[in-house]
Amino acid sequence: MERHILAYVDPGTGALLFQILIAGLLSVLVFFRNAARRVLGLFARPFLRIARRPCGETNPLRVAARQGSESPTNAP
Amino acid sequence: MSPVVPPAADPRAASFRDPAGFVYRREGVLYRQVQHSGREAYDRLMAGGLYDELVQAGLLVPHEEAPLSLAASEGAYKVLRPREVPFVSYPYEWCFSQLQDAAAATLEIQRRALARGFWLKDASAYNIQFLEGRPVLIDTLSLEPYPEGRPWVAYRQFCQHFLAPLALMSRTDVRLGQLLRVHLDGIPLDLASRLLPWRTRLSFSLGIHLHLQARVAARYADREVPRERIEGRMSRRALEALMDSLGSAVRRLRWRAGSTEWADYYAAGNNYAPESMADKERLVGGMIEEVRPRVVWDLGANTGRFSRLAAARGAFTVCWDADPSCVEENYLRTKRAGECNVLPLWTDLTNPSPPLGWAGAERLSLADRGGDVDLVLALGLVHHLAIGNNVPLPRVFDFLAGLGRAGIVEFVPKQDSQVKRMLSVRQDVFADYHREGFERALSARFRIERAVPIQGTCRTLYLVRRLGA
């Protein structure tokens, strides 16, 4: 398949460069956040399940969000 | 559901940008042509399980493959017949939560796509429509194989179409959602950045995705950047982190429908004792049963109390209102109740959605999208147009006759408290605004089938059929 570098939508030069920079930073933050959650989860498990997210959520937005956070997106 | 998009309208007017395919109508049926350039993407989408997953999750509009002989032009690889949405609405007609749900659906599609080696090559809010009360992607060809290492080409578009208007509606003023009517490719980030309160710079996600991006984009606006600085520079993990951040930015924004005059109208018991309200509901319900409409437009629907009388009788009902709080409350109600055939939308009927975009034909006007609906409800509406907006009664009924074949129209006389209040601080220049004048103007466009007073009020309900309909 023809792999055009930029799609038919103009992505904006600045937006692409900015995105590369920001996404790198964000992935580092996600890494540390997940590490922190794991550590907290380790301590929390025997006592209170504070690291667990609320269940029984019906708002599709938040259900999607919850599923999102269980996706490989947050996998360390 | 029969299409509400009129056969005369050529939907190609809105789908000329993507070289991979386009939509068109043939004998009233909507088709999507996949060009040979979109072949690999389409085949992999169908074979790899992503299409099935998204359709099952209610996130993508389903389609059937149609014979190639139905193609509209040369270069066709496939002809698809997608399930048609009953009414095409536009982001500038959505309330806050509708836009937020559309944004969340876009990100959820992107998340599921990435997990299967795909991504969205664009993130236009116009690619999302409401089908059975839920936001779905209608542009099947937006999904293409994920080119590893590339930054998301639709990042800026997502911010302009979704994040910026949501932030403005939530943090500045909900009416700024109407900026989408002027800026069809989303609100420019520099404009959003200027209009947002200063403190939003301190918000991590809005600070990054709107304010900082606007500044960087301005700096690089006229620079040429070598491909090597872009290609292969963004890992999948970085892309997923970006999506994660956009998701939390969208979710964190909140707008609570304020207690406006109209959102509280019924609760405040305005003009209606409970018995009168019950009588009006009984009368309107009976009239709807007489017309047996498949498609109803409720104009000035407030929170959809009477729209639901039509929906309960099986009609697909579009509820138009000018008050964003009413539309928000109405939409949240459809979500809570899982209602499939009620679509609340936001427009000011004194200035309804015009035709917009390239050649004035990319986005259709409100009237052009209606075609000719079976029944129009104008309950507690005409006095607002005639007295509140000084529109002569004949013109009001011309407008209604242009929208639908039948109508249920309420006459609210000058002695009604609502009209008295409207006239309390202004000169009464409405000499023809009385029952006879109302009926005379109405009869010029419609045949009056029934006129029934509403118990305990001075108001009258008319069931009318358009002359020649």
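The values are calculated or read from the model by the stated rules, or taken from the named source; none is laboratory data. Fair warning: this is a prediction, and the values are worked out from it, not measured in the lab. A quick note on method: Cβ atoms are made from the backbone with ideal geometry, for glycine too, and the neighbour counts reach across all protein chains shown. The area values use the complete protein model at the heavy-atom level, side chains included, leaving out ligands, DNA and RNA. Shrake-Rupley method; radii C 1.70, N 1.55, O 1.52, S 1.80 Å.
Miscellaneous remarks
- Residue (of B:G28, B:Y90, B:V464) at the positive-pole extreme of chain B, dipole from beta-carbon charges: B:Y90
- Between the exposed loop cleavage positions of chain B, defined as GluC sites (Glu not before Pro) in a non-H, G, I, E, B DSSP state with at most 13 neighbouring beta-carbon atoms within 10 angstrom, the longest gap is B:262-469.
- Cα shape, the protein assembly as shown, gyration tensor, a/c 1.5 rule: prolate
- A simple charge model with +1 on the Cβ of Lys and Arg, -1 on the Cβ of Asp and Glu and nothing else charged puts the dipole of the protein assembly as shown at about 1680 debye relative to its Cα centre.
- Shape call, segment B:101-202: gyration tensor on alpha carbons, a/c limit 1.5: prolate
- Geometric extent, Cα atoms of chain B - Rg, Dmax (angstrom): 24.2, 76
- When A:F43, B:F399, B:F316 are compared by accessible surface with a 1.4 Å probe, the order from highest to lowest is A:F43, B:F399, B:F316.
- The C-alpha atoms of chain B define a longest principal axis, and helix B:435-445 lies at about 50 degrees to it.
- Prolate/oblate/rounded call for segment B:261-402, Cα gyration tensor, a/c under 1.5 rounded: rounded
- Given charges at beta-carbon only (K, R positive; D, E negative), |dipole| of segment B:107-234 in Debye: 460
- Between the residues B:P355, B:G371, B:P413, the greatest Cα displacement towards the positive end of the dipole of segment B:330-425, with unit charges on the Cβ of Lys, Arg, Asp and Glu, is found for B:P413.
- Dipole moment magnitude, nearest 20 debye, chain B about Cα centre, only Lys, Arg, Asp, Glu C-beta charged: 800
- Euclidean distance of C-alpha centroids, segment B:406-441 and segment B:63-111, integer Å: 43
- Structure-based [θ]222 nm, the protein assembly as shown - -39500 (n - 2.57) summed over DSSP H runs of at least 4, per residue, nearest 500: -11000 deg cm²/dmol
- Segment B:20-110 gives an Rg/Rh value of 1.01, both radii derived from C-alpha positions and Rh following Kirkwood.
- Subtracting the Cα-Cα distance of A:A35 and A:D10 from their residue separation scaled by 0.36 nm leaves 5.3 nm.
- Alpha-carbon centroids, segment B:21-58 and segment B:154-216: separation in whole Å: 32
- Contact order relative to length of chain B, as percent, for alpha carbon pairs under 8 angstrom and 6 or more apart: 13
- With a Förster radius of 56 Å applied to the beta-carbon distance between B:K414 and B:D222, the computed FRET efficiency rounds to 0.35.
- Extension gain (nm, one decimal) between B:E281 and B:E27, 0.36 nm per residue minus Cα-Cα: 87.5 nm
- Counting only heavy atoms of the protein chains and using a 1.4 Å probe, B:K78 has close to 50 Å² of accessible surface.
- Using heavy atoms of the protein chains and a probe of 1.4 Å, the accessible area assigned to B:R171 is about 80 Å².
- Counting Lys and Arg as +1 and Asp and Glu as -1 over every other residue whose Cβ lies under 11 Å from the Cβ of B:P188, the net charge comes to 0.
- Segment B:108-263: relative contact order in percent, alpha carbon pairs under 8 Å with at least 6 residues between: 23
- Residues of segment B:449-469 with amide N under 15 Å of the 7 Å Cα→Cβ point at B:R435: B:450-463
- Inter-label distance for B:A273 and B:N390, nm, one decimal - labels placed 7 Å from Cα along Cα-to-Cβ: 3.8
- Applying Stokes-Einstein at 10 °C and 1.306 mPa s to the Kirkwood radius of segment B:335-468, computed over alpha-carbon pairs, gives a translational diffusion coefficient of 97 µm² s⁻¹.
- Looking at chain B alone, DSSP beta bridges between its own residues are antiparallel in about 65 percent of cases.
- Beta bridges by DSSP in the protein assembly as shown, antiparallel share as percent, to the nearest 5: 65
- Nearby lysines by direct alpha-carbon distance to B:K78 (threshold 27 angstrom, same-chain neighbours under 8 apart not counted): B:K121
- Straight-line cross-link partners of B:K280 among the lysines, defined as a Cα under 22 Å from its Cα and at least 8 positions apart when in the same chain: B:K414, B:K420.
- Ordered by 1.4 Å accessible area with all protein chains kept, B:C340, B:C159 run largest first as B:C340, B:C159.
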